Amino acid sequence: MDGGKGKPSLKELLTLPGTVIALGLVSFFTDASSEMIYPLIPLFLTEVLGATPVALGLVEGVAEATASLLKALSGYASDRWEKRKPFVFAGYGLSALSRPLIGLAGSWPVVLLIRFADRVGKGVRTSPRDALIADVTPRDRYGTAYSLHRALDHAGAVVGPFVAWALLSGTTLSIRSVFLLAFIPGAASLLTIHLGVRETNRDREGKQMQKRGKLSLSPLKNRSFFLYLSLLLLFTIGNGSDAFILLKIGKMSRQASFVPLFWGGFHVVKSLLSLPAGLLADRWGRKKVVVSGWLSFSAAYLLFGLSRGTGGLIFSFLVYSLYYSLTEGVEKAIVAELVAEEERGTAFGLFHLTVGVGALPASILFGFLWKTFGAESAFFVSSGLALLSALLLSLLPLTRRA
């Protein structure tokens, strides 16, 4: 299951299915909208609304855990009903409508509710979207397809923060106004879904198990898939929200406009490296690439804990961007490779549920360690858990279930 042979050509890249490219553009517009807002939320919560780091961890943890629970249900539903696109459109639509309302919030509990609605949208769309990418893509190009999607996603995440920085630095607009303007790229994502995303005709003859009975956990019968999710859970518990990294940057720079600029540069690197990582995974082996990514995370968090100036943070972010590039698309390619076609939505739901189950304790634990022992201790603990997860994954054989 470690990937195809030979080096993918530019022609092969350009001839990926149109639905994969359209979904990449949808993520481009969505992240442009989201990342106009997200880098500013930690400072908005702590400086404008007076929230504590523990409250910040609660907001982010509840939001991500909610999304991951819904990803499990929506993935199963898309398998059962043999439809992906309605879930994709509804999920992106809810996020596009709710996210800019943070600009109207007067307290951090209100932000929690809005983030909750935004993450509900993410939960509804993500697993069906990931399954749809696998539905339309040849097996030996999974790594390339998922990493192209992530590359376009990160390109949008580059545009969003730079737009926010330009609006805050070059105009008299407030943070709240920037939040409200984020609706525009969100609307563009919905138009792209309507015009460019097409379902594939999947052969389901004799594969109707998902249409009857209770929620199926059948992908977990694959020992490799179960153990893979177990190690992913261990890794996630040590992976606190990126909001804490942004909070450290904001406190060190003491300039709100610097945060989205820094975050945008981070996404430039991720956008440039994601596609080469996917091509490498299809050729070299997907597990090897994910292990390398988790080791990069461990190194990055160690560096975050040691950093005392802007230069150290920039270098730490370069290492951290390598982690994202090596893992975001390739982790999903492993899921698509390990499970049967009729179980893809359910399997992706379980994958995202695992991340969500770890997200809430991870963010609360990180916030607790930050407040009690200092930021350095929180980063060091996360680094150690990531190192352990990478070593265990390197020893795990991954076998596709027949």
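The values are calculated or read from the model by the stated rules, or taken from the named source; none is laboratory data. Bear in mind that the values here come from a model prediction, so they are computed numbers and not experimental data. Every residue, glycine as well, gets a Cβ built from its backbone with ideal geometry; the counts of neighbours run over all protein chains shown.
Name the single residue, out of those in the stretch 109-139 being small (Gly, Ala, Ser) and farther than 17 Å from Phe183 by Cα, that is surrounded by the most Cβ atoms within 10 Å (Cβ to Cβ). If we take residues in the stretch 109-139 being small (Gly, Ala, Ser) and farther than 17 Å from Phe183 by Cα, then Ser127 is surrounded by the most Cβ atoms within 10 Å (Cβ to Cβ).
For the stretch 212-223, a residue qualifies if it is at pLDDT below 60 and either at positive phi or part of a helix (DSSP H, G or I) (or both), and exactly one does: Gly213.
For every residue, the table says whether it meets (1) among the polar types (S, T, N, Q); (2) surrounded by 13 or more Cβ atoms within 10 Å (Cβ to Cβ); (3) farther than 28 Å from His149 by Cβ; (4) at pLDDT below 55.
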{"position": "Gly186", "(1), (2), (3), (4)": "no, yes, no, no"}
{"position": "Ser189", "(1), (2), (3), (4)": "yes, yes, no, no"}
{"position": "Leu195", "(1), (2), (3), (4)": "no, no, no, no"}
{"position": "Glu205", "(1), (2), (3), (4)": "no, no, yes, yes"}
{"position": "Gln210", "(1), (2), (3), (4)": "yes, yes, no, yes"}
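The residue list Gly61, Gly75 contains one member that is crowded, with 23+ Cβ neighbours inside 10 Å and either touching a strand residue (DSSP E or B) at 6+ places or on another chain (Cβ under 9 Å) or modelled with pLDDT under 80 (or both), which is Gly61. The one condition from (1) touching a Phe, Trp or Tyr at 6+ places or on another chain (Cβ under 7 Å); (2) modelled with pLDDT of 75 or more that Gly3 does not meet is (2).
Report, by residue number, each residue of the stretch 98-108 that is assigned to a loop (DSSP other than H, G, I, E, B) and surrounded by fewer than 18 Cβ atoms within 10 Å (Cβ to Cβ). Passing the criteria: Gly106, Ser107.
Does Thr66 satisfy the criteria of being surrounded by fewer than 24 Cβ atoms within 10 Å (Cβ to Cβ) and touching a helix residue (DSSP H, G or I) at 6+ places or on another chain (Cβ under 7 Å)?
Yes.
For the stretch 6-36: of the residues being modelled with pLDDT of 90 or more and among the small types (Gly, Ala, Ser), which is surrounded by the fewest Cβ atoms within 10 Å (Cβ to Cβ)? For the stretch 6-36, the residue satisfying everything is Ala22.
So, Leu247, is that one crowded, with 22+ Cβ neighbours inside 10 Å and either under 29 Å from Gly345 (Cβ atoms) or at pLDDT below 80 (or both) or not? Can you show your working first?
Working: crowded, with 22+ Cβ neighbours inside 10 Å: yes; either under 29 Å from Gly345 (Cβ atoms) or at pLDDT below 80 (or both): yes.
When the stated conditions are applied, Leu247 passes them.
The single residue among Ala333, Ala359, Ala378, Ala347 that is modelled with pLDDT under 85, surrounded by 24 or more Cβ atoms within 10 Å (Cβ to Cβ), assigned to a helix (DSSP H, G or I) and not acidic (Asp, Glu) turns out to be Ala359. Condition check: out of contact with any His (no Cβ under 6 Å at 6 or more places or on another chain), modelled with pLDDT of 90 or more, closer than 18 Å to Val20 by Cβ and not small (Gly, Ala, Ser). Does Arg84 satisfy that? Yes.
Do the conditions hold for Asp153, that is, is it under 15 Å from Gly349 (Cβ atoms), part of a helix (DSSP H, G or I) and under 12 Å from the mean Cα position of the chain (by Cα)? Answer is no for this residue. Residues of the stretch 349-402 that are over 24 Å from Pro42 (Cβ atoms) and among the hydroxyl-bearing types (Ser, Thr, Tyr): Thr354, Ser389, Ser394, Thr399. Checking each residue in the stretch 301-324 for being buried (at least 20 other Cβ atoms within 10 Å of the Cβ) and either free of Cβ contacts under 8 Å to residues at least 24 places away in the same chain or not aliphatic (A, V, I, L, M) (or both) picks out Tyr301, Phe304, Ser307, Ser316, Phe317, Tyr320, Ser321, Tyr323, Tyr324.
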